[in-house]
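Step one of this worksheet: look at the structure below.
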Amino acid sequence: MKKIICALFISIISSFSSHAETLSEKQLASLNQQVKQYDYIGPFFEGLAMVRKEGKVGFIDKTGKLAIPMKFTVTNECVSPSNDCLNIFLHGILASYELGVIDRQGKVLVPKDSIKHIGIANDGDIVIVSSQAQYYVYEKGTFISNRQPVWNYTTNEVLTFNGKIAFDEDMEARGYTRFDTDFTKGKPYAGVWITQPFVVQKNGKFGVIDRLGNELVPCFSDDYRMTTHKGLALIAHRTFNGEQDIPVWHDVYKDGIKVVEKVSMLKPFRGHNFILAKGLSEEEYNNWKDAVKIELPHSVKDSMMLDLDGKRITKAPFGKNFFTIDKEGGLAFVKKDGTPVFDKKVAAFFEPIGSYYFAEFEYDAQTVIINENADTVKAKPKLLRYVEDGTITFKELRKYSSIEYINFPYLKSQSKQDKLATLEYHAGRMAVKPMEYDKSFFSEGLINLKINGEWCYMDKDGAGKP
């Protein structure tokens, strides 16, 4: 559970400019002198950082003084590099399985022993803590309610109407009714299995809305297990083989009307403005038919591209080039005249990330990032987050291709300077290269490190090194 919460923080933690002032070398030296007494120091968020000594933890400010006394007892697992992103303040409160919910003065708002689950939603604006008896819902650090909001566990989104958190009565006022299945874990309106927004029920039919309540798919379906893509709804025909419910093929709907039926659903590719369904080979068709013990439609042998109206197309533009279907039914990237863009064959499929794609070429395991002009850079896909937010350019990806594993948090609202410093650090170009504590990241202009057995804070210029 803790690993799940940490993963949530990776994409939502925010860093506020009011706490991001730069420390002078003298101030940094003073801070590091103060923290020598501790056997662990964490990163700064909202001007506070967790510290541990003799099994107790508290929080210091950037002068090194205790802002919250050392009154909390935690396990060794709590104060470890992999959990740095768990023990931070978000909008003035910290929610932890080992500390409870506390405010910036260290006051315990929810005791740790009563906490059953912690959820962080809507890009970090909403914290939901459930206990055995009730919920504690905070929005931007302010307590909102003791009731359960309409919450999709999988996407970590809380539904809002007109900027306000939605509860049962808000759903009922809009004609939505409860439904409960094994997939919802008690959530009355949203199937938590889905990796997209809220599945809702109205008049006995299912549809999809986003977290602001906008209708993405009208309530028309008898099956709530649907996948959506830019207004298209893909609903799988399913069969039971005696052990499990197996999806066999898809029907495609636009505005509640079936536009394509019995499409192969094995490895469907969903791009920006089209969908690719890879048809089954004769061998795959026969094997699948024998496995599911039902008569398969011959249409699942067809590979096809569909536009956002559900119509078949032969190619889809991407920059000055096009996507089309190759002879094996996979996705090909070609020039206007139909010749391949690349000399080597692309293995498997292209995968969209924002306005870019990544792929692997056959006999080459290195991931290739591709822009709309077919320029390629060998780099890890997760680095594209820094391109998408303007931290680095597409060409600058090459500078960071040496970073093999992105195992440090990407802070969505972190300053550009801190992001660049983090990348430079992990590329080995900082004044102090990664040492004992190589999962570090910059926050509020500082990085917490353990060098030669001694904890310290360092800035991007290397000041602070013991």
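Every number in this text was worked out from the coordinates using simple rules, so none of it is lab data. The shown structure was predicted, so the numbers you read here are calculated from the model rather than taken from an experiment. Cβ sites come from the backbone with ideal geometry, for glycine too, and all protein chains shown count toward neighbours.
Within segment 249-265, list the residues whose amide N lies under 19 Å from a label point set 7 Å along Cα→Cβ of LYS205.
Counting backbone N atoms under 19 Å from the label point, the list is 251-261.
Going 7 Å from the Cα of ARG385 in the Cα-to-Cβ direction, what parts of segment 412-432 have a backbone nitrogen less than 17 Å from that spot?
Residues 412-427 fall inside that zone.
Suppose a student asked you for the relative contact order of the chain, using Cα pairs under 8 Å spaced at least 6 residues apart; what percent would you report?
Averaging sequence separation for qualifying contacts and normalising by length gives 11 percent for the chain.
Roughly how many debye, to the nearest 20, is the charge dipole of the chain about its Cα centre, given +1 on each Lys and Arg Cβ, -1 on each Asp and Glu Cβ, and no other charges?
Charge dipole, the chain, about its Cα centre: 640 debye, nearest 20.
Which of the listed residues, GLY279, THR142, TYR40, is farthest toward the dipole's positive end in the chain, when Lys, Arg count +1 and Asp, Glu count -1 at the beta-carbon?
Checking the options against the dipole of the chain, the answer is TYR40.
Residues with beta-carbon under 11 Å from that of GLU215, excluding GLU215: net charge, scoring Lys, Arg +1 and Asp, Glu -1?
Residues near GLU215 contribute 0 overall.
Would you please give the FRET efficiency between SER299 and LYS378, computed as 1/(1 + (r/R0)^6) with r the Cβ-Cβ distance and R0 = 41 Å, to the nearest 0.05? Each step should come with its number before you reach the end.
Values: r = 39 Å, r/R0 = 0.94.
Calculated transfer efficiency: 0.60.
Helix-derived [θ] at 222 nm for the chain: sum -39500 (n - 2.57) over DSSP H runs of at least 4, divide by residue count, nearest 500? Write down the numbers at each step before the final one.
Numbers: 6 runs with 55 residues, N = 466.
Here the helix-only value at 222 nm equals -3500 deg cm²/dmol.
With no solvent and one point per C-alpha, what does the Debye sum give as log10 I(q)/I(0) for segment 340-393 at q = 0.28 Å⁻¹?
-1.22
With r defined as the distance between the Cβ atoms of LYS258 and ASN146 and R0 fixed at 45 Å, what FRET efficiency is calculated, to the nearest 0.05?
For R0 = 45 Å, the calculated efficiency reads 0.55.
Sorted by mean Cβ packing within 10 Å, highest first, what order do the peptides 141-149, 128-136, 55-63 take?
55-63, 128-136, 141-149
Under the √(5λ) rule applied to the eigenvalues of the Cα gyration tensor, what semi-axes describe the equivalent ellipsoid of the chain? Give them in Å, descending.
Working: eigenvalues 397, 194, 64 Å².
Value: 45, 31, 18 Å, ordered largest first.
Provide Rg and Dmax in Å for segment 203-284, with only Cα atoms included in the calculation.
Just the Cα atoms of segment 203-284 yield Rg and Dmax of 13.8, 46 Å.
Report the convex hull volume per residue for segment 130-173, counting only C-alpha atoms, in Å³.
Numbers: hull volume 4.0 nm³, N = 44.
That works out to 91 Å³ per residue.
So how strong a dipole does segment 212-354 carry about its Cα centre when Lys and Arg Cβ are +1 and Asp and Glu Cβ are -1, to the nearest 20 debye?
So the dipole magnitude of segment 212-354 works out to roughly 600 debye.
For segment 55-121, what's the relative contact order in percent, using C-alpha pairs closer than 8 Å and at least 6 residues apart?
So the answer I get is 21 percent.
Given the C-alpha atoms of segment 312-402, compute the convex hull and give its volume per residue in Å³.
Normalising the Cα hull of segment 312-402 by residue number yields 102 Å³.
Give me the mean projected area, in nm² to one decimal, of the convex hull enclosing the Cα positions of segment 321-463.
Mean projected area of the Cα convex hull: 9.7 nm².
Let's test the formula: R0 of 56 Å, r as the Cβ-Cβ distance of ASP180 and LYS412. What FRET efficiency results, to the nearest 0.05?
Computed FRET efficiency for ASP180 and LYS412 comes out at 0.95.
Of GLY58, VAL108, VAL248, which is farthest on the positive side of the dipole of the chain, counting Cα position, with +1 on Lys and Arg Cβ, -1 on Asp and Glu Cβ, and the Cα centre as origin?
GLY58
Using Cα-Cα distances under 8 Å and only pairs 6 or more residues apart, what relative contact order does segment 312-402 have, in percent?
Computed over segment 312-402, the figure is 17 percent.
Once you compute Rg and the Kirkwood Rh from C-alpha atoms, what is the Rg to Rh ratio for segment 381-421?
Answer for segment 381-421: 0.91.
Farthest toward the dipole's positive end in segment 238-384, which of TYR363, VAL259, THR376, given Cβ charges of +1 (Lys, Arg) and -1 (Asp, Glu) about the Cα centre?
So the residue we want is THR376.
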